[in-house]
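Written out below as structure tokens is the structure these notes cover.
The values are calculated or read from the model by the stated rules, or taken from the named source; none is laboratory data. Keep in mind that this is a model prediction, so the values were computed, not measured. Reconstructed Cβ throughout: ideal geometry from the backbone, glycine too, with neighbour counts over all protein chains shown.
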Amino acid sequence: MGKTKGLSFEEKRKRMLDIFKDDPSFFHLKDIEKLGTKKGIIYQSIKDVLDSLVNDNLVETDKIGSSNFYWALPSKIYQVKKNTLDKNNGLIENFKTENQNLKQKIKDEKAMRKETKERQEKIDELDEINKKIEEKTKKISDYQKNDPVRYKNILHDSKQFINLNEVWKDNVYTIHQWMRSKNPDVNLVEMFPELEPLNLFN
């Protein structure tokens, strides 16, 4: 069986808040720890979850004697959540207004920017420069293909291949002579037809 997925911190907060909703009375920390574990909240995280609810004003706390007690009235929970919702709705409206203002500003700027002969000339000049850059880049690429240094390296490599070819021709000729000396009747043309064009068997 797969490992059971643990509760997220927000799920733990919701389950702990249900404790106060189910029983709107005063709780000692030990009581919350006991009820929290029954709700599926691991013991080690109960204090952190409880503190987060206190920080968000969803749970009230007070020290009586040497002990801390916690409680949450349903009306308080509702009011806090309503205040949060109102705040978020206000932020959304502000963002919508700001978005509309920015759209209008862009529209106004476009209307103010008139197409002039000078601006069009600058655009045409830029296009011409880009075209020249493209042509120069192509020429540079062609020059690189005909680079003297590159040509010299190719020529050098070609000479090396020619020399290696001569060496192998000599080796094949030597082997051919040795085999013929051992067996004059051997038909090397049939054995190595691909070597016949080299005229090694004459």
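Would you mind stating whether Lys145 is modelled with pLDDT under 75 and either touching a Cys at 6+ places or on another chain (Cβ under 7 Å) or on the phi < 0 side of the Ramachandran plot (or both)?
Answer is yes for this residue.
Cβ-Cβ distance below 9 Å, separation of 6 or more or different chains: which pairs start in segment 33-47 with a residue that is surrounded by 13 or more Cβ atoms within 10 Å (Cβ to Cβ) and end on one that is among the charged types (D, E, K, R) and in a loop (DSSP other than H, G, I, E, B)?
Within 9 Å, the pairs are Leu35/Asp23.
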